[in-house]
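Here is the structure we will look at.
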Amino acid sequence: GQQVMQIPQYQHVQEGEDFTTYCNSSTTLSNIQWYKQRPGGHPVFLIQLVKSGEVKKQKRLTFQFGEAKKNSSLHITATQTTDVGTYFCAAPAAGNKLTFGGGTRVLVKP
Amino acid sequence: NAGVTQTPKFQVLKTGQSMTLQCAQDMNHEYMSWYRQDPGMGLRLIHYSVGAGITDQGEVPNGYNVSRSTTEDFPLRLLSAAPSQTSVYFCASSPDRVYGYTFGSGTRLTVV
């Protein structure tokens, strides 16, 4: 079945620095969603991208959908300790399923 | 609105026992799903539903049953608990496949 792969699996970031996490699929995606899960918490929906090449921003977070709709990225600028957590991408699969990537676990060094 | 409510929050079962994890949402969402998350891992889809009376299997359905008799409720039944089912279980709902999912706070299950 369809899988979305996320890299890196772990990201150690110095506070104030930028980083990017990537989500890749072997098949064309109709849309892609991003979620954040704080340690010990539950996933929280951040955003959905639908159009080829789409870019959306939420404060310091920039989300991008690739031109071929096979990949997506999340870029965080000026990382803060509040950014700690795991970021998941998720994409619809056959039969109305929503499948999740393995996630990128972000640790912030103060 | 309470959102998605999961009960219980914690549960310890003995191998072979059965139980039902409850999930209820008050947002009139048609789509509901159950995921499991093992330590340090991603989310794996167990079962899902696109409306009352309609359910289907996800990636890891073995050992679990679901039913959807109402729009609000989507219980997950463990038939005969096994240590491999030790996990955190999340229920989630969405108004449609093109919208993001709202997750419950999870049920932490340990099978001994």
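The values are calculated or read from the model by the stated rules, or taken from the named source; none is laboratory data. These numbers were taken from a predicted model, which means no experiment stands behind them. Cβ coordinates were reconstructed from backbone atoms using ideal geometry, including for glycine residues, and neighbour counts include every protein chain displayed. We work out accessible area using only protein heavy atoms, side chains counted, and drop any ligands, DNA or RNA first. Shrake-Rupley method; radii C 1.70, N 1.55, O 1.52, S 1.80 Å.
Of note:
- The residues of chain B expose, per residue, 45 Å² of accessible area to a 1.4 Å probe.
- In this structure the amide hydrogen of A:Ile47, modeled in the peptide plane, comes within under 5 Å of the amide hydrogens of A:Trp34, none closer than 5 places in sequence on its chain.
- Between B:Ser18 and B:Ile54, full extension at 0.36 nm per residue minus the direct alpha carbon distance yields a gain of 10.7 nm.
- Theoretical FRET efficiency, 1/(1+(r/R0)^6), r = Cβ-Cβ of A:Val55 and B:Arg44, R0 25 Å, to 0.05: 0.25
- Split the accessible area of chain A by element, probe 1.4 Å, and carbon with sulfur accounts for 52%.
- Charge dipole of chain A (Cα centre as origin; +1 on each Lys and Arg Cβ, -1 on each Asp and Glu Cβ, all else neutral): 240 debye, rounded to the nearest 20.
- Shape analysis of the protein assembly as shown places it in the prolate category; the axes a ≥ b ≥ c from the Cα gyration tensor give an a/c of at least 1.5, with a/b above b/c.
- Charge-dipole axis of the protein assembly as shown as Lys and Arg at +1 and Asp and Glu at -1 on Cβ define it, positive-most pick from B:Ser49, A:Ala90, A:Val50: A:Ala90
- Of the chymotrypsin sites (Phe, Trp or Tyr not before Pro) found in the stretch A:60-110, no site is in coil according to DSSP while having at most 16 other Cβ atoms within 10 Å of its Cβ.
- Farthest toward positive dipole pole in chain B [+1 Lys/Arg, -1 Asp/Glu at C-beta], among B:Leu78, B:Ser33, B:Gln6: B:Leu78
- Applying both filters, DSSP loop and at most 15 other Cβ atoms within 10 Å, to the chymotrypsin sites (Phe, Trp or Tyr not before Pro) of the stretch B:55-112 gives B:Tyr99.
- Anchor A:Lys69: aspartates and glutamates whose Cα lies under 18 Å away (excluding residues fewer than 8 positions away in-chain): A:Glu54
- Chains B and A, summed buried accessible surface - 1.4 Å probe, Å², nearest 100: 1700 Å²
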